[in-house]
Structures are given as C-alpha cells and as structure tokens.
Amino acid sequence: MASHRESQAALSRLRGVLRGQPPATLSELNRQDLEDLADAVDSARRQHSEALSAALDNAFDQVPRLFRSTVRRIVTR
Amino acid sequence: MSAATNDPARQAEIVKLGRLLGREPDSLRYLQGVPVGDIRALRDLTNAALFDDDGEVLKRLAAAGKLLPTGVVAAISERAFGPLLAARVAGVMEPQRAADVGRHLEPTFLADVCVQLDPRAAREIVPRMDLETVLAVTGELLDRADYVTLGRFVGAMPDNELAAILEITEDDELVRVCAVAESAEGVAQIFGMLGAKRLASLRRRARRKDLAHEAEVLSDRL
C-alpha cells in the first residue's frame, strides 16, 4: 500500500514537471523509474534555461558593434 | 505492458527522448515496455515543458536577427548558440531566412542542428534549402549512422531533393532510415520513387539477418 502511495506521489511529481498528464501506461512504471524520469525532465529544464541565458550573453558579444544596442533592445525588451 | 526490446521504432523514440533530456538511451531502458506512441507523447510533453517558456525570447531573437546579414547570424549561431538553441531559433524564424542562414553553416554544425530541429519546422525549411547543402548534411548524418535523425526528415523533402538523396544512400542505410521514420506518407514517397531494380536490391539486402527487425517494421513494403 505504501509502495502504491509512493508511486502515485512520483507520478504526481512527473505530472508537475511535465505540466501535463503523462500517458496512462507510464503509471505502470515503478517509483524509482518515475522519479528518475521526473528528475531528468527537471534537470533538463534547468540546464536549458541556463544555457539559453549564457548563449544570449555570448551572442550579444558576437553582434557587430553598430547593431549591438538595437539587437539587445529587441531581445531584452 | 509488452516488452518488445528490439522494435526499431520504439528504440528510436527512446533515443530522441534521451537527446532531449541529455541522457543516454540506456539510462531510459525502463521505457522499453511502454508503447511507442506513448513514448512519443511523453517526448511531446517534455518538449513543451522544456521550451514553451522560452518561446517569446526565441521569437525576439529571430526578430533581432532580421537586422543582421545571414552570414553574421550563422556565425553567431555557431559561436554563441550551439546546435540546440540554433535549432529552436530556426524553428521560429521565417523558413526562407532560416534556409538562407543554413547555407552559411558548416555541414557538421548543421547536422547537429538537424538532430534538434522540430520536424514541423524542417518541413518548411528543407524545401527552401539548396540541394548542395541538403546533400552535405545528409552525407554527414549517414557517416554518423544517425538514422534516427534522418528518419525525422522523411516526408520533409521535395521529390527532386529526395531523388538526389536516394542516390547517395546505400540500401541498408535506406532500410534503417525508413524503419524509424515518423511519417508513413514520407516512407510511401520514398518507395514510390524507387525503380524496380533498386527495390529488388533493397529487398535482397533486407533479407539479411542484421536487418531482420527493420524488415519486420517495413514488411508491407518489402
């Protein structure tokens, strides 16, 4: 019973990180696998957000000086 | 759930999800028993969870890029964005502009971008690219044996590009790509363009043991 509750909690967390209902067949995975999947999505989202932020900073440095302030204004408005 | 571990389509979906999550496919092996359509649905949800929040920033990046020559945008994509972000920006650019930028990119980088490019965007961009670039990228992906990525582009090619691609693709490569292709219409397009001689050669090759699973997926065509 406790194991079922834990699986439900892991499924609920997966639903949260996906911000949507995962396919019903995923509910047949065990708790560890569901948690691993939720961790993977959560971690990928954080990494992507950090990569985007770093890429933006880096990109401004590559823009020719003449256009830099205009490009920055459009992107960060 | 059935455990069909050798289904190329399921394995391809796990590879694609792994790429999205930055994980090795083997670390997601617990998905081997999940139906292929459900893994695809999971990938769609994951895609939205990862990128929907950034949609506005990406659109602004694409808008700002319009101020710059396509060669400069290509240089920034390679030096600052990297393939994943470049693919996302390409997905919100006007298709012709994205194709023009692609012309200035190195085939190896463009191949990396293709790994991450949304197939819906590819369907708009690829037909606008010049044949030389398309063939260079296809050759790069074939050299990498990245049939999963090539399979995502099946159905995105106009006939003239596809005919040229079929010429540089070996029989076993073609079978492997078609077995993991996402578009049934695209596979029909390919088989519709094969002459009797090539089709016979393909069938002979598909009978070999190493392509047994792929041949099973394509049994109605082979």
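Below are the figures for this structure:
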| quantity | calculated |
| --- | --- |
| Residue satisfying condition, being at pLDDT below 90, surrounded by fewer than 19 Cβ atoms within 10 Å (Cβ to Cβ) and away from every other protein chain (no Cβ under 14 Å), within set B:D52, B:D130, B:D118 | B:D118 |
| Options A:S53, A:S43; residue that is under 17 Å from B:D53 (Cβ atoms), under 13 Å from the mean Cα position of the chain (by Cα), part of a helix (DSSP H, G or I) and polar (S, T, N, Q) | A:S43 |
| Any chance B:E185 is assigned to a helix (DSSP H, G or I), surrounded by fewer than 20 Cβ atoms within 10 Å (Cβ to Cβ), over 14 Å from the mean Cα position of the chain (by Cα) and of a type in the set (D, E) | yes |
| Count - residues of the stretch B:28-77 that are part of a helix (DSSP H, G or I) and either among the hydroxyl-bearing types (S, T, Y) or over 16 Å from A:L34 (Cα atoms) (or both) | 33 |
| Selection within the stretch B:151-175 - at pLDDT 95 or above, in a loop (DSSP other than H, G, I, E, B) and surrounded by 16 or more Cβ atoms within 10 Å (Cβ to Cβ) | B:T169 |
| Hey, B:R221 loosely packed, with under 15 Cβ neighbours inside 10 Å, among the basic types (K, R) and over 25 Å from B:R19 (Cβ atoms) or not | no |
| Count of residues meeting criterion [in a helix (DSSP H, G or I), under 15 Å from B:A80 (Cβ atoms) and within 7 Å of chain B (Cβ to nearest Cβ)] in the stretch A:56-77 | 6 |
| Filter result (modelled with pLDDT under 95 and within 18 Å of A:S43 (Cα to Cα)) within the stretch B:27-44 | B:R43, B:D44 |
| Where B:D26 falls short, out of the listed (1) in contact with a helix residue (DSSP H, G or I) (Cβ under 9 Å, 6 or more places away or on another chain); (2) within 10 Å of chain A (Cβ to nearest Cβ); (3) free of Cβ contacts under 8 Å to residues at least 24 places away in the same chain | (2) |
| Evaluation of B:C178 against (1) surrounded by 24 or more Cβ atoms within 10 Å (Cβ to Cβ); (2) without any contact (Cβ under 8 Å) to a residue 40 or more places away in the chain; (3) hydrophobic (A, V, I, L, M, F, W, C); (4) out of contact with any Cys (no Cβ under 9 Å at 6 or more places or on another chain) (one fails), failing number | (2) |
| Filter result (in contact with a helix residue (DSSP H, G or I) (Cβ under 7 Å, 6 or more places away or on another chain) and of a type in the set (S, T, Y)) within the stretch A:4-34 | A:S7, A:T25, A:S27 |
| Pairs with Cβ under 8 Å, 6+ apart, first in the stretch A:8-24 and over 13 Å from B:A48 (Cα atoms) and facing chain B (nearest Cβ under 10 Å), second surrounded by 15 or more Cβ atoms within 10 Å (Cβ to Cβ) and among the basic types (K, R) | none |
| Residue list for the stretch B:1-43, restricted to those being under 15 Å from the mean Cα position of the chain (by Cα) and closer than 24 Å to B:R88 by Cβ | B:A12, B:E13, B:I14, B:V15, B:K16, B:L17, B:G18, B:R19, B:L20, B:R40, B:R43 |
| Only listed residue being closer than 26 Å to A:R46 by Cβ, buried (at least 19 other Cβ atoms within 10 Å of the Cβ) and away from every other protein chain (no Cβ under 11 Å), chosen from B:A12, B:A87, B:A99, B:A111 | B:A87 |
| Total residues in the stretch A:23-40, condition of a type outside the set (V, I, T) and over 15 Å from the mean Cα position of the chain (by Cα) | 11 |
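Residue-by-condition table, conditions (1) more than 8 Å from chain A (Cβ to nearest Cβ); (2) surrounded by fewer than 18 Cβ atoms within 10 Å (Cβ to Cβ); (3) of a type in the set (G, A, S):
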{"site": "B:L45", "(1), (2), (3)": "no, no, no"}
{"site": "B:L58", "(1), (2), (3)": "yes, no, no"}
{"site": "B:L61", "(1), (2), (3)": "no, no, no"}
{"site": "B:K66", "(1), (2), (3)": "yes, yes, no"}
{"site": "B:A74", "(1), (2), (3)": "yes, no, yes"}
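The rows are residues; the columns are (1) of a type in the set (A, V, I, L, M); (2) more than 7 Å from every other protein chain (Cβ to nearest Cβ).
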| residue | (1), (2) |
| --- | --- |
| A:R31 | no, yes |
| A:L37 | yes, yes |
| A:A40 | yes, no |
| A:H48 | no, no |
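The values are calculated or read from the model by the stated rules, or taken from the named source; none is laboratory data. For clarity, every value in this text was computed on a predicted model and none was experimentally measured. Backbone-built Cβ (ideal geometry, glycine too); neighbour counts: all protein chains shown.
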